[in-house]
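The values are calculated or read from the model by the stated rules, or taken from the named source; none is laboratory data. Here the structure is a predicted model, which is why all the values come from computation and not from measurement. No Cβ is skipped: glycine too gets one built from the backbone with ideal geometry, and neighbour counts run over all protein chains shown.
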Amino acid sequence: MRFSNKILLAIWGVVLSLLVITFFIINYWTRSRIEENFALELRSNHSTLSVFMGLQSEILLRGCQVIAESPRLRAVTELRDPGTALQLSQEFIQTTLSDLFVLTDLRGQPLVQALHGNEEDLDVARRGSIQQALNRSPAADLWPLKGSIYRVATTPIMVERDLIGTLTIGFDIAKTEAATLKQATNSDIVLMQNDRVVLSTLSREEQDQFQLAFRASPPTSTIDTGDTAAVFTLPAGEEVYLGVMFRMDHSSANTPITLSYAIVKPFERELSNSMGPILGTFGVVSVLFLILTSVIGRVISQGITRPINELVRGTGEVSKGNYDYTIVAEGNDELGFLARKFGEMSKSLKEKITELDRLNKDLLLRNRDLDETLQKLKEAQEELVKGERLAATGKLTAQLAHEINNPIHNIQSCLKTTLGRLPEEFEGRELVEVAFDEVTRMSKLTRQMLDFYRTSLVPEVLRPTNVNDVLKDVLTASRAELEAAGITVETIFDPDLPEVNGSNDKLKQVFLNMILNARDAMPHGGRMRISTLVEGNAVKIVLADNGIGIPRENLSRIFDAFFTTKGKVSGVGLGLSVSYGIVHQHRGIITVSSSVGEGTTFVVLLPLLPERVPMTVMEG
């Protein structure tokens with residue numbers, strides 16, 4: 001054998017030995033890494049599941065407590081009538097979509113036991129959560145019933161400080177929950193009742209093998225009741241599972257576990273999936289390496305390694321954002337060509353990124369301008385709709401009021417004449433008086449509707465007006481009425497407030513409507529604050545009260561004609577609608593903000609006087 005061949009055989013022997021050693025190292029390292037990663041992931045999944053279950057129990061418990069505070073439920077519980085309790089439970093089941101509904105009296109005797117909407121004999125009186133609720137403490141638990149597992153929440157039903165019963169609601173833990181947990185944890189989920197698999201995300205065959213292995217060697221000794229759990233290994237058929245157990249019931253650590261989740265990962269399957277590509281790659285690399293080591297020498301190896309290292313360095317610089325880095329291209333071979341193309345690519349990439357940044361900035365500016373334009377368009381459209389609706393309502397109101405006012409006036413005159421002719425002792429006189437009062441009230445309402453048309457739609461000459469003086473006149477006229485209602489008024493007027501172009505009488509009507517609304521919102525007295533100031537190119541008037549407030553759903557409708565929230569009929573709901581029309585005539589804006597139980601704030605913005613000459617402002 002030639003010496004060169006011996007050297008080649010020696011090299012091959014060394015290379016093969018290294019490849020075998022490398023294979024075992026890779027296999028050992030891969031197995032260790034998978035096992036370590038699985039252990040870390042399973043412990044993390046255990047914590048995630050603990051948080052998930054805690055949140056679900058908390059949400060369910062809060063919902064149960066809200067239902068337990070229902071006056072109807074308390075009344076039915078005190079009544080202790082099973083028929084009435086069953087009827088009420090059906091309503092709550094339809095409302096909450098719950099699968100389990102149990103109502104007991106203060107001794108724990110069930111009044112209603114409903115499962116999926118049907119009354120069942122469930123024998124729940126001895127359940128731990130109910131016993132805890134009878135001790136006035138709410139509790140969350142899991143109940144195995146009729147072959148299914150239910151997540152339940154039990155809370156005491158209290159009337160003041162007296163216990164009158166308990167309420168339990170629950171939901172069936174279906175297979176969809178296991179699928180959701182699998183997606184959240186990237187692990188298979190197995191729900192165990194003692195040593196029986198209730199449901200899982202495993203295939204049927206895998207589930208049966210898992211159950212047999214679990215019964216043969218249950219991993220109960222590895223269960224930890226803390227925030228993390230020890231990882232167990234469970235051989236099942238041709239698979240080996242790594243997993244952790246998560247206790248779901250509330251039994252103590254010294255009692256057998258009734259319900260638990262097993263979070264498992266198939267170790268052998270993952271190892272096979274990971275090793276397949278590695279073995280394929282390793283085989284190809286080994287063959288290539290043997291060929292290369294027999295052909296390529298030290299000098300050629302160094303000649304190839306040096307430009308490759310330069311390319312790697314260049315890619316590292318580019319990945320850091322240094323697009324100006326230049327790779328020195330030596331020679332005209334493929335590596336030199338690759339180095340030059342890499343430099344061209346870096347330059348082109350820099351130009352593309354710069355252009356992309358410029359386009360992104362331009363797009364952001366355009367989007368901002370578009371958003372502002374759309375917002376202005378939306379506000380203008382809302383104002384236009386309100387104005388058109390006010391005009392249409394005013395015209396219709398005026399026509400209706402005009403048509404019915406004459407007959408009402410005739411009836412009123414006839415009734416008044418009749419009252420003058422009837423003696424005081426006439427038996428039916430009080431009926432005529434009632435009719436006269438009602439017709440008088442109808443006449444007043446028609447006049448209000450005519451006033452709505454005249455005040456909100458008829459143009460009027462506007463003159464320079466001092467808003468402070470208008471407010472002072474209104475407060476002087478209404479001071480006695482406000483004091484009688486127990487309302488204190490705080491005023492903060494800007495002494496240097498400029499004039500606005502307005503109608504003194506119409507502005508008085510706006511402010512009087514706002515003050516009267518504030519008075520009605522404080523039936524037991526309160527505090528009202530009125531302030532004026534200059535804001536931008538407008539005079540700002542703010543009227544705030546600490547009354548009952550306006551519900552959120554009514555805020556968008558309070559300026560609509562005929563809309564009112566008052567309990568007693570004192571008008572036709574035109575005050576704020578008229579105010580809106582008047583402010584709109586003055587080219588102004590009126591807005592409102594309110595919180596129920598805290599009060600309401602009206603803000604009026606009137607544009608500053610552009611020039612001191614009278615002008616006529618028409619709506620629109």
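The table that follows gives values for the structure above.
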item: From ASN501, ASN517, residue being over 30 Å from ASN410 (Cα atoms), outside the structural domain of PRO407 (by TED's automatic domain parsing), at pLDDT 85 or above and in a helix (DSSP H, G or I); result: ASN517
item: So LEU55, is it within 29 Å of the chain's Cα centre (by Cα) and either among the acidic types (Asp, Glu) or loosely packed, with under 11 Cβ neighbours inside 10 Å (or both); result: yes
item: Cβ pairs under 8 Å, 6+ apart, first in the range 15-44 and assigned by TED's automatic domain parsing to the domain that holds LEU242 and among the aromatic types (Phe, Trp, Tyr), second surrounded by 15 or more Cβ atoms within 10 Å (Cβ to Cβ) and assigned to a helix (DSSP H, G or I); result: PHE23/PHE282; PHE38/PHE267; PHE38/GLU270
item: Matching residues, the range 123-146, being assigned to a loop (DSSP other than H, G, I, E, B) and in contact (Cβ under 8 Å) with a residue 24 or more places away in the chain; result: VAL124, ARG127, ARG136, PRO138, LYS146
item: Selection count, the range 467-504, where residues are among the small types (Gly, Ala, Ser) and farther than 21 Å from ILE582 by Cβ; result: 4
item: Condition met for ALA216 (closer than 18 Å to VAL51 by Cα and either loosely packed, with under 14 Cβ neighbours inside 10 Å or among the aliphatic types (A, V, I, L, M) (or both)); result: no
item: Enumeration of residues in the range 506-557 that are under 21 Å from ILE582 (Cα atoms) and in contact with a Gly (Cβ under 8 Å, 6 or more places away or on another chain); result: ASN513, LEU516, ASN517, ALA518, ALA538, ALA544
item: Unmet requirement for SER478, which otherwise passes all of (1) touching a Ser or Thr at 6+ places or on another chain (Cβ under 9 Å); (2) at pLDDT 80 or above; result: (1)
item: Tabulated pairs, the range 461-487, first in the same structural domain as LEU516 (by TED's automatic domain parsing) and hydroxyl-bearing (Ser, Thr, Tyr), second at pLDDT 90 or above and in a loop (DSSP other than H, G, I, E, B), C-beta under 8 angstrom, 6+ apart or interchain; result: THR465/GLU499
item: From the options ARG151, ARG136, ARG126, ARG161, residue that is touching a Leu at 6+ places or on another chain (Cβ under 9 Å) and exposed (fewer than 15 other Cβ atoms within 10 Å of the Cβ); result: ARG136
item: Tabulated pairs, the range 95-113, first more than 17 Å from GLN132 (Cα to Cα) and at pLDDT below 90, second of a type in the set (S, T, N, Q) and in a strand (DSSP E or B), C-beta under 6 angstrom, 6+ apart or interchain; result: none
